[in-house]
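Only one structure is covered here, and it is reproduced in the block below.
The values are calculated or read from the model by the stated rules, or taken from the named source; none is laboratory data. Since the model is a prediction, treat every value here as computed from it, not as a measurement. Here the Cβ positions follow ideal geometry from the backbone for every residue, glycine too, while neighbour counts run over all protein chains shown.
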Amino acid sequence: MATAYSCILITAIMPLVFAAYAKFSSKGYDNSNPREFLEKLQGRAKRAHYVQLNSFEAFPVFAAAVIIAQLAGVSHLRITALAVSFVIFRIFYGIFYILDKHIFRSAVWFGAFFCVVTLFISAIFIS
């Protein structure tokens, strides 16, 4: 389970990485008013900001899915495989979003979503 829990930690940190890219890939970052700065971004930096926001949205449901699956007695191998897959999908999601590859971005988003749904369904049917 340590690997799956590590995936939760990685997923919690991921938005900060994208936020850093958004803030520091553009000139004029002002830490005294970061939200206004982020809303004025363009191009890749703005898309990195959007990845940050989406990553914050995806985190709680993923963390809950891993913990609930573990509490329900789902096999550690299944939880680990799905958790690692989720992290990989989310990394590619961020890359594709920043690079404006919308079809690939959507495909990997569905892959990550599938991992979360599978964790919950596994928990439901193992109980």
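Determine if segment 21-38 includes at least one residue that is touching a residue at least 24 places away in the same chain (Cβ under 8 Å) and outside any loop (DSSP other than H, G, I, E, B). Looking through segment 21-38, at least one residue is touching a residue at least 24 places away in the same chain (Cβ under 8 Å) and outside any loop (DSSP other than H, G, I, E, B).
Taken together, the residues in segment 1-43 that are at pLDDT below 95 and not acidic (Asp, Glu) amount to 24.
Going by the structure shown, is LEU119 modelled with pLDDT under 95 and surrounded by 20 or more Cβ atoms within 10 Å (Cβ to Cβ)? It is false that LEU119 is modelled with pLDDT under 95 and surrounded by 20 or more Cβ atoms within 10 Å (Cβ to Cβ).
Annotation note: of ILE126, ILE95, the sole residue that is in contact (Cβ under 8 Å) with a residue 24 or more places away in the chain and β-branched (Val, Ile, Thr) is ILE126.
When the residues of segment 88-112 are filtered to those that are within 10 Å of the chain's Cα centre (by Cα) and within 24 Å of LYS46 (Cβ to Cβ), the one that is surrounded by the fewest Cβ atoms within 10 Å (Cβ to Cβ) is ILE91.
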